[in-house]
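A short worksheet on the structure shown next.
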Amino acid sequence: MKTYMKINEISGIEGNTAVAMGTFDGFHIGHDKLVMTLLEISKNNHLKSVLYTFSNHPRDLLADVKNQTKLIISPEQKMGILKKYNPDYLLFLEFDDYQKNIEAEEFIEEILIGKLGMKHIIVGYDWRFGKKAEGDVRLLKTYESKGFFKVEVIEPIRIDGQIVSSTLIRKYLDEGRVEKANEFLGRPYELYGHVVHGKSNGKRIGFPTANLSKETNYCTVKEGVYVTLTSVCGKNYKSVTKVGRNVSFDDNECSVETHILDFKDDIYGKTISVKFLSRVRDQIKFNSLIHLSERIKKYIDFAMNYFENIYFKEQL
C-alpha cells in the first residue's frame, strides 16, 4: 500500500484502477460496505484499488472556527482504520481550495481518469464533489453511459428504519445513547488522549482516575457515567468513565476521567483509549464524600455485572 497526503504529490499509479471516494466521517458500517465493495471489484476486475478520502472535513473550508464539524474520530484513528483494509493506494488528502473549487467535470477528467487511471468508481448514494458540490451520481452515470468507466452506487443501510449516517451517530452521542451509536459504527465509540494531571479528587476518595487531554474539535458523549474499556499499551481493562463537570466538587470544567478497575500503574503522559459501551446514569451532585464514594462503588458493581452478563456474552 502506498499513501499520499497531498493531491499534487500523486504519481506512479500504474495501470487501471477502481476508486472508492468518501469523507468517511466517523467510518460507520455504511463506509465499511463501500470499502469492501472496492476491494471486491478490484480483485474481480484485475484493477488496482484506490481509496480516496480526506484528512480534514470538507465542510470546514466553508465554516468559521466556531462552526467546524465535531469529528467522531480523529484523523489518526481514521488512517488506522483505513490502513487495515490494505488498498493498493490510500489517498488521505488534505481537502483544500483546489478540490473545493475545481469544476466537477474537470475533476473527473483530470484527476479520476487522467491522474488515477480510473475504470470503476464506488461511491455512496449521496456523494457530492466539485465546485459548489455540483458533481453527483447522476453526473458520474453520464460518463458511464459514454463508456469512460463503470459506476457502483452504495445504497443506504438502515437500522430500525433509520439510515445509518454520521449525523445520526452524533445525535446519539449527544444524547448519551452509546449502544445505538456503536450499532451504527460497527464498533465501540472511542476517545483517545494523553493522560494528564487532574485535581486528584478521585484519588482523595480512593478511586484514582486517568484524566484524558482535551481535543476541542471532537465529539464527546453526553455528560454522565459510562461502562467503558480502557486500552493501555494495547491491553484492555474494565473501567468506569465520567464525562462532564465534577459537580460534587463545584468544578465547572468539563473533563473525561476513567477509573480503571484493578489497575495501579503510573500512566501519566501515556496515550490511552476509552471505548464507551453502556451508559450508567446522568451526573449527580453529592453533598458528602462518603455518599459519593458509596455511589462510585455501585457504579463499579454495575460495570462488573455488565461485563459478566452482557459484554462477554455478546463477544461469543
Next on the checklist: Condition check: in a helix (DSSP H, G or I) and either at pLDDT 95 or above or buried (at least 18 other Cβ atoms within 10 Å of the Cβ) (or both). Does PHE184 satisfy that?
Outcome noted: yes
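Against the condition part of a helix (DSSP H, G or I), crowded, with 18+ Cβ neighbours inside 10 Å, in the same structural domain as LYS6 (by TED's automatic domain parsing) and touching a helix residue (DSSP H, G or I) at 6+ places or on another chain (Cβ under 7 Å), how does ILE108 come out, does it pass?
On the way: part of a helix (DSSP H, G or I): yes; crowded, with 18+ Cβ neighbours inside 10 Å: yes; in the same structural domain as LYS6 (by TED's automatic domain parsing): yes; touching a helix residue (DSSP H, G or I) at 6+ places or on another chain (Cβ under 7 Å): yes.
Here the answer is yes, as ILE108 does meet what is asked.
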Checklist entry - Does at least one position in segment 53-74 carry a residue that is modelled with pLDDT of 90 or more, in a helix (DSSP H, G or I) and either of a type in the set (Asp, Glu) or in the same structural domain as GLU144 (by TED's automatic domain parsing) (or both)? => result no
Checklist outcome for this item: Counting only residues in segment 142-176 that are hydroxyl-bearing (Ser, Thr, Tyr) and in contact (Cβ under 8 Å) with a residue 12 or more places away in the chain, the one nearest to PHE276 (Cα to Cα) is identified as TYR172
Next on the checklist: in contact with a helix residue (DSSP H, G or I) (Cβ under 8 Å, 6 or more places away or on another chain) and modelled with pLDDT of 90 or more: which single residue out of SER278, SER248, SER231, SER273 fits that description?
Outcome noted: SER278
Next on the checklist: Looking at segment 74-95, can you tell me whether even one residue there is within 26 Å of LEU185 (Cα to Cα), loosely packed, with under 15 Cβ neighbours inside 10 Å and without any contact (Cβ under 8 Å) to a residue 12 or more places away in the chain?
Outcome noted: yes
Checklist outcome for this item: Counting only residues in segment 22-42 that are farther than 22 Å from LYS180 by Cα and surrounded by fewer than 21 Cβ atoms within 10 Å (Cβ to Cβ), the one farthest from the chain's Cα centre (by Cα) is identified as ILE41
Checklist entry - Considering segment 138-169 alone, what residues qualify as being among the β-branched types (Val, Ile, Thr), buried (at least 16 other Cβ atoms within 10 Å of the Cβ) and farther than 24 Å from LEU185 by Cα? => result VAL151
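Could you run through segment 111-126 and say how many residues are within 20 Å of ASP25 (Cα to Cα) and surrounded by 20 or more Cβ atoms within 10 Å (Cβ to Cβ)?
Narrowing segment 111-126 to residues within 20 Å of ASP25 (Cα to Cα): 121-126.
Narrowing further to those that are surrounded by 20 or more Cβ atoms within 10 Å (Cβ to Cβ): 121-124.
Result for segment 111-126: 4.
The values are calculated or read from the model by the stated rules, or taken from the named source; none is laboratory data. Every value quoted in this text rests on a predicted model; they were computed, and no experiment measured them. With ideal geometry, Cβ positions are generated from the backbone for all residues, glycine too; neighbour counts draw on all protein chains shown.
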